[in-house]
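Data block below; observations after.
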Amino acid sequence: MAFLTLEDLKISFNLFCVVYGVGTLGMPANYARAGYYWATGALVLMAAINLYATVALSKVMNAAPKYVKTYGDIGEWVYGGFGRFITTLSQLLVCCLDPIAFLVLGGSLLDVLFPETFTATVWIILMALSLLPICMMPSLKESAGTATAGALGTLIADAVALYVLLDNMSDIPDGLKAPKPALSFDGVTSVFGNLSLGYAAGVLIPALQREHSQPERMPRVILFTLGVCTALFFCVSLIGDHNVGCQIPGNLLFSIAGTKLGFTAPRGAVVIAFLCMHLHISVAFAIDLFPTFYIFERVLFGFHKQNFTLENGENTTPGFQQSETPKDLAVVSKEETTGPVYASSRDYLKACTMRTVQIIISTIIAIVWQNHFLDLLDFVGASSAALGCMILPVWFHLKVFYKDMGLFEKAWSIFIIIFTSALAIYVSISTGKKLFAPTTADPSILFPYCPAEFQKMVYLNTTYYNKA
């Protein structure tokens, strides 16, 4: 049999569409903060941890009874009510925080695309208003085609930004090298959050595994797909950092916008890259929010209760459990939801009101955090993605297969849980301080990750440095 069947490739493509997203924009900044050796080591270690954790969740899913269909079901099957609570909480945090990051990024992109029109704050509000009608749909049946468009948008945006960056930063005078970062413990550990968000694939696995006619092949699919994503992450990081070093902005796209790096990018390239990324975040915004809509509607109004109950049998009622997480929505389900989503127009009006309030709250937070995009990505990755996609899968696997595991695998699992938990707590606190108690930055410092002599002017400006 072939290494990957046609069905394997279909599942692999869906997984790729989910993993390769906004997290790539901060990959070069990881090297700007932690340097080549520390950042590469972090990428390799996080790849190993995430590949193991994601495969471990797949194995737990294979060992579970057939009525276990969603990530929350796995949590309840392994640890009862507490297991469902902690898995749902981790997903809820990601689903609430991710859209805020999308609004921040979208507002910044539109501000650059349409200069001298509105401020970034106004663009955030207009973007939220434009996405509001989609969020008012009773249910969201996301097609693989739309998810594909989102993934291709990220690929094109990254490729254009990297090409423009290399093309304009290639004429380096003899004797000059891209400056290295001023290494610090905070700088090195902060890459954990971005890498956690970049690899956030664990919550997708139950939905994909339900779609596969041979679920025992899923570990091979996971290793192949995340291996490809890791190679792309490394390429984006290395190319983005190569000629810029610690002066690469926290957002890859902003390296070709403006003149901080001493060049003005072709306007057409900027427009293409920004529009492609805007396509991705427009698709991802509603996908991420819909699970939180259903959860809050169940808690506040008592809707969808039949879809949050784990039944000890194979005939569970299809419904929200088929799209319990934002990642699950990127998969085309073969089952159709039976019955109306809402019992009456009055119930639907309640849901619309609640959704509008939630989007308003997200918009207000996005406006407050609009100057902290990289910190926001790190916070989301460290505070929730790490829990849902690394810690819990390994914890569940350890509980289910403890008697059959070798000593080395047990030690590796315990190391992952302790290591990722410690970093998740530390990075959440350090980035949380920047979000909830921000300090006023010195406007003259353009490159904060660099040593003092390279913080205020691009290193290629030899006239400036000769005078200094």
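The values are calculated or read from the model by the stated rules, or taken from the named source; none is laboratory data. Being a predicted model, the structure only gives us computed values, none of them experimental. Glycine gets a Cβ as well: all are built from the backbone with ideal geometry, and neighbour counts include every protein chain shown. Surface accessibility is based on the protein's heavy atoms, side chains included, excluding ligands, DNA and RNA. Shrake-Rupley method; radii C 1.70, N 1.55, O 1.52, S 1.80 Å.
Odds and ends about this structure:
- Qualifying residue in segment 188-202 (condition: surrounded by fewer than 24 Cβ atoms within 10 Å (Cβ to Cβ) and in contact (Cβ under 8 Å) with a residue 60 or more places away in the chain): yes
- Residue satisfying condition, being part of a helix (DSSP H, G or I) and either charged (D, E, K, R) or modelled with pLDDT under 90 (or both), within set Asp171, Asp158: Asp158
- Residue list for segment 48-68, restricted to those being among the β-branched types (Val, Ile, Thr) and under 15 Å from Trp395 (Cβ atoms): Ile49, Thr54, Val55, Val60
- Across segment 260-288, the number of residues qualifying as open to solvent by less than 60 Å² (accessible area, probe 1.4 Å), assigned to a loop (DSSP other than H, G, I, E, B) and hydroxyl-bearing (Ser, Thr, Tyr) comes to 0.
One line per residue, one yes/no per condition, for (1) under 26 Å from Lys433 (Cα atoms); (2) surrounded by 21 or more Cβ atoms within 10 Å (Cβ to Cβ):
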| residue | (1), (2) |
| --- | --- |
| Ser344 | no, no |
| Tyr348 | no, no |
| Thr353 | no, no |
| Ile361 | yes, no |
| Ala366 | yes, yes |
| Phe373 | yes, yes |
| Gly381 | yes, yes |
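- Index of the failed condition, Pro443 passing every other in (1) open to solvent by less than 60 Å² (accessible area, probe 1.4 Å); (2) modelled with pLDDT under 90: (1)
- All positions within segment 240-259 that are in contact (Cβ under 8 Å) with a residue 60 or more places away in the chain and open to solvent by 60 Å² or more (accessible area, probe 1.4 Å): His242, Phe254
- Extreme residue, surrounded by the fewest Cβ atoms within 10 Å (Cβ to Cβ), among residues of segment 52-73 that are in a helix (DSSP H, G or I) and not aliphatic (A, V, I, L, M): Asn62
- Of the residues screened, Thr325 is one that is in contact with a Gly (Cβ under 9 Å, 6 or more places away or on another chain), buried (at least 20 other Cβ atoms within 10 Å of the Cβ) and either modelled with pLDDT under 50 or not in a helix (DSSP H, G or I) (or both).
- Condition check for Pro99: under 30 Å from Leu126 (Cα atoms) and in a helix (DSSP H, G or I): yes
- Filter result for Ser237 (at pLDDT below 90, of a type in the set (S, T, N, Q) and crowded, with 24+ Cβ neighbours inside 10 Å): no
- All positions within segment 1-39 that are in a helix (DSSP H, G or I) and either open to solvent by 30 Å² or more (accessible area, probe 1.4 Å) or of a type in the set (Phe, Trp, Tyr) (or both): Leu6, Glu7, Leu9, Lys10, Phe13, Phe16, Tyr31, Tyr36, Tyr37, Trp38
- Of all residues in segment 402-416 being within 22 Å of Asn62 (Cβ to Cβ), under 29 Å from the mean Cα position of the chain (by Cα) and of a type in the set (A, V, I, L, M, F, W, C), the one that is most open to solvent (accessible area, probe 1.4 Å): Trp412
- Taken over segment 424-440, the criterion of being open to solvent by 30 Å² or more (accessible area, probe 1.4 Å), touching a residue at least 60 places away in the same chain (Cβ under 8 Å) and not hydroxyl-bearing (Ser, Thr, Tyr) is satisfied by Lys434, Pro438.
- Residue under evaluation Phe419, criteria (1) modelled with pLDDT of 90 or more; (2) over 21 Å from the mean Cα position of the chain (by Cα); (3) among the aromatic types (Phe, Trp, Tyr), criterion not met: (2)
- Within this structure, Leu377 passes the test of being open to solvent by less than 10 Å² (accessible area, probe 1.4 Å) and assigned to a helix (DSSP H, G or I).
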